[in-house]
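Take a look at the structure set out below.
The values are calculated or read from the model by the stated rules, or taken from the named source; none is laboratory data. Remember, predicted model here, so these are calculated numbers, not experimental data. Note that each Cβ is placed from the backbone with ideal geometry, even for glycine, and that neighbours are counted across all protein chains shown.
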Amino acid sequence: MTAVLAAPPARRPLGTDRRRLAEILPPEGVALHFEIAGLGARFAAQLIDIVLTLGLALAVVLITLLLELGVGPSLVSIGALLFFFVRVPYYVAAELVWNGQTIGKRICALRVISGNGRSLSAHQIVARNLMKEMEIFLPGMYALVAADLGLVEGLLVVAWIATLIAVPVANKRRQRVGDIIAETIVVHQPPILLEGDLAATARATPVSQRFVFLPHQLEHYGRFELQVLEKLLHSAERLRNASDHDRTRANLAVVAERIRAKIGYGERVDPSEREAFLRAFYLAQRAHLEQRQLFGDVRADKFHGNQKSTDQR
Amino acid sequence: MSAAPQQLIRSTRFRQEREHDWWKLEAIVGRAEREGVAALDFDSALALAQLYRQAVASLSVAREISLDRSLLDYLEALCCRAYLAVYAPQETLRGLVSRFFAVGAPQAVRRSGLALALAALALALGTLVAFALFQSDPSWYNTFIPSRVAEGRGIASTRSELLDVLSRDAAASNGRLGAFAAYLFSHNTTIAIGAFSLGIACVPSFLLVFSNGLMIGALFALYVDRGIGLELFAWLSVHGTTELLAVTVATAGGFRLGLALIFPGQLTRRAALRRAGHDAVKLAVLAAAMLVVAAFLESFVRQRVGDISLRLAIGWGAAVLWLAYFTLAGRGRSAS
């Protein structure tokens, strides 16, 4: 047993999380996993911010022009000040007041968090947004006037932009240069949704007591299969009244037959009882696996038996 | 299965005992996200901290004993959101701004003596070199001043033409001077940004500021040659002192990064960069604020003040005020 635990996993277990996760260790000492935001979402958020702030600044300038509040040089300086403030200061103020979110990030459900497990400090916010000047605004402006640039300058701008895109693409945490300097990460705001406990509802239905599983019938599956079954049952519950319920019922039938055959459950399951059978099996399997886990026997998926035999050889 | 059929399994009991606290936490976190933690009443704020710690402990236990995916995902997401609500930046915008200008910025300037000296040296050296070269051969002027900045002020210009540029402030908005002023502002901002971000490699930043010094030196030499050096000096002083100080400060910020990279001391280069970054960022922000002040002086004050001695007084008064601010402000207070 100890030999099995000590052996390195020979293969990636089924159902390993493929999302990019950032592990943050808060002072409470329990690691939290945030989903790192994709570059597409970040680009969209940045675009929304630019369009919104520039639009607002232009509107203010146009209104002052139309109302003839300011003319000539004062208008120029009002405009210059406004366009100064919609660059770095806007992002710094927004991320400070809204805890790491700008309007664009809010719309795209993104958030800036500190990579060191502490709260986001003012220095981090200022540093990551100052670098924005060099990473986004300047190359963006040069790209807009690209047609007027000479060949050498044009190539330089292209190289500059390519490098800036390559940094977050090559980075495991999708950090741009400003994020690296400030030690920040941009993450997806996780949605909070708690579905009912299948193990609690399964008890309530009397029909579940009809199905009894023997210990050797519960040795076949691991955590991954259990959680796939959980997902299936949850979606069956949600879709009970939906139009494509027939397809869900067909899925349930296939799965129920597969499981029945695999574990060698002797009795035939009536089509009307398939869902109840699966729920009863889910409950028994989960109770069994959780108990094994408490004893140190973690079963990641259905191959747990194979691995053990190869390791013991 | 050996357990009695009516008895719930362990992880389900675990969940049922705690669910209500999680929902309470979820409601408080939702409110904190919408309205800010400051908007919470005392009881909710207290409950937030307690419930957060309970939820984190629950998550830690649930990872060990439960295989309920929906529970694990929910708890993880809840803890993540609650963590962000509990450890939100606690600073107000006003407090941050006042602390920066009262303590942070002047202390950062005082810590950056060497970098400031280097930046000032680059600027002064450029000015002197251009001035000296102009004395030996005036055609250097065309090399240092690009034609789009010169705006008609060439080596062939007469004294009255040059003087005309300085005194035609009334027509500043649409005259050549206005264009020059607008160019200068964006030019100096670009120089400041460039000098800061190139400072990490030191040499390009030095060259950039040096070349900026060359332009100033050449322009001066031209005016001195026509005997109207003082007029130009007064004209530039109004905003130029603030603006050149801002460029120097921004360049010093860049140099701090470059120096940290070249001489990391006992630290790794990455750690040294991060550490110098604290001051460098402060210097960059300070320089930006100074450029805004300079733009204000340039567009509002310079037009209304035509007198040479008054122009000199304003310009150098501002310079003295800046230096006093750098050396005296925020002493004996920690900036943490």
Region A:165-194 residues that are at the interface with chain B (Cβ under 8 Å from one of its Cβ atoms), paired with ones that are hydrophobic (A, V, I, L, M, F, W, C) and surrounded by fewer than 16 Cβ atoms within 10 Å (Cβ to Cβ) (beta carbon under 6 Å, 6 or more apart): A:Q189/A:A109
Which condition number does A:H216 fail, the rest of (1) of a type outside the set (A, V, I, L, M, F, W, C); (2) surrounded by fewer than 18 Cβ atoms within 10 Å (Cβ to Cβ); (3) touching a residue at least 12 places away in the same chain (Cβ under 8 Å) being met? (3)
When region B:57-67 is checked residue by residue, the ones that are touching a Phe, Trp or Tyr at 6+ places or on another chain (Cβ under 9 Å) and within 8 Å of chain A (Cβ to nearest Cβ) are B:I65, B:S66
Looking at A:A200, is it away from chain B (no Cβ under 12 Å) and without any contact (Cβ under 8 Å) to a residue 12 or more places away in the chain? no
From the set of residues in region A:141-163 that are within 14 Å of chain B (Cβ to nearest Cβ) and surrounded by fewer than 17 Cβ atoms within 10 Å (Cβ to Cβ), which is modelled with the lowest pLDDT? A:D148
Within region B:8-27, can one find any residue that is under 33 Å from the mean Cα position of the chain (by Cα), facing chain A (nearest Cβ under 8 Å), farther than 30 Å from A:F295 by Cβ and surrounded by 13 or more Cβ atoms within 10 Å (Cβ to Cβ)? no
How many residues does region B:245-268 contain that are free of Cβ contacts under 8 Å to residues at least 24 places away in the same chain and either assigned to a helix (DSSP H, G or I) or closer than 22 Å to B:A124 by Cβ (or both)? 1
Out of region B:251-276, which residues are under 20 Å from B:L207 (Cβ atoms) and more than 19 Å from the chain's Cα centre (by Cα)? B:L261, B:I262
Residue pairs qualifying under the 9 Å Cβ cut-off, at least six apart or on distinct chains, with the first in region B:32-53 being more than 11 Å from chain A (Cβ to nearest Cβ) and surrounded by 15 or more Cβ atoms within 10 Å (Cβ to Cβ) and the second being basic (K, R) and part of a helix (DSSP H, G or I), are B:L40/B:R31; B:S44/B:R31; B:A47/B:K24; B:L51/B:K24
Of those in region A:26-55 that are within 14 Å of B:E76 (Cβ to Cβ) and touching a residue at least 12 places away in the same chain (Cβ under 8 Å), the residue farthest from the chain's Cα centre (by Cα) is A:P26
Within region B:230-244, identify whether any single residue is among the hydrophobic types (A, V, I, L, M, F, W, C), in a loop (DSSP other than H, G, I, E, B), assigned by TED's automatic domain parsing to the domain that holds B:V109 and farther than 24 Å from B:T143 by Cβ, and answer yes or no. no
Regarding A:I63, is this residue loosely packed, with under 13 Cβ neighbours inside 10 Å, farther than 21 Å from A:L130 by Cα and either within 14 Å of another protein chain (Cβ to nearest Cβ) or modelled with pLDDT of 80 or more (or both)? yes
How many of the residues making up region B:18-52 are over 22 Å from A:R106 (Cβ atoms) and not in a helix (DSSP H, G or I)? 1
I'd like the full set of residues that are under 11 Å from A:L233 (Cα atoms) and of a type in the set (A, V, I, L, M, F, W, C), limited to region A:266-276. A:A276
Within region A:25-57, how many residues are hydrophobic (A, V, I, L, M, F, W, C) and either modelled with pLDDT under 90 or in a helix (DSSP H, G or I) (or both)? 13
Given (1) aromatic (F, W, Y); (2) surrounded by fewer than 17 Cβ atoms within 10 Å (Cβ to Cβ); (3) closer than 20 Å to A:V177 by Cα, identify the lone condition not met by A:Y90. (2)
For region A:96-114, state whether one or more residues are among the aromatic types (F, W, Y) and over 30 Å from B:L75 (Cα atoms). no
Checking A:H123 against (1) farther than 15 Å from B:L84 by Cα; (2) within 23 Å of the chain's Cα centre (by Cα), which test does it fail? (2)
Going through region B:15-68 in order, the residues found to be β-branched (V, I, T) and touching a Cys at 6+ places or on another chain (Cβ under 7 Å) are B:V56
For region B:288-299, what are the residues that are of a type in the set (G, A, S) and away from every other protein chain (no Cβ under 11 Å)? B:A294
Given the conditions (1) among the aliphatic types (A, V, I, L, M); (2) modelled with pLDDT under 85; (3) crowded, with 16+ Cβ neighbours inside 10 Å, and given that A:L69 satisfies all but one, which numbered condition is not satisfied? (3)
With the condition kept exactly as written, say whether any residue in region B:68-79 is assigned to a helix (DSSP H, G or I), basic (K, R) and either buried (at least 23 other Cβ atoms within 10 Å of the Cβ) or more than 8 Å from every other protein chain (Cβ to nearest Cβ) (or both). no
Looking at region B:306-322, I want the residues that are touching a residue at least 24 places away in the same chain (Cβ under 8 Å) and over 12 Å from B:E243 (Cα atoms) and have a partner that is among the hydrophobic types (A, V, I, L, M, F, W, C) and part of a helix (DSSP H, G or I) with Cβ atoms under 7 Å, at least 6 apart or on another chain. Which pairs are those? B:I308/B:L230; B:I308/B:A234; B:R311/B:A234; B:R311/B:W235; B:R311/B:V238; B:L312/B:A234; B:I314/B:V238; B:I314/B:V301
Qualifying residue in region B:53-62 (condition: in a loop (DSSP other than H, G, I, E, B), of a type outside the set (V, I, T) and under 24 Å from A:D301 (Cα atoms)): no
Pairing a residue in region A:81-105 that is on the phi > 0 side of the Ramachandran plot with any residue that is assigned to a helix (DSSP H, G or I), where Cβ atoms lie under 7 Å and the two sit 6 or more apart in sequence or on different chains, gives A:N99/B:L84
When you go through (1) out of contact with any Ser or Thr (no Cβ under 9 Å at 6 or more places or on another chain); (2) within 12 Å of chain A (Cβ to nearest Cβ) one by one for B:R111, which number turns out not to apply? (2)
Could you tell me whether B:G306 is surrounded by 14 or more Cβ atoms within 10 Å (Cβ to Cβ) and part of a helix (DSSP H, G or I)? no
For B:G95, the lone unmet condition from (1) surrounded by 15 or more Cβ atoms within 10 Å (Cβ to Cβ); (2) part of a helix (DSSP H, G or I) is (1)
From A:K105, A:K132, which residue is under 19 Å from B:A288 (Cβ atoms), out of contact with any His (no Cβ under 8 Å at 6 or more places or on another chain) and assigned by TED's automatic domain parsing to the domain that holds A:L47? A:K132
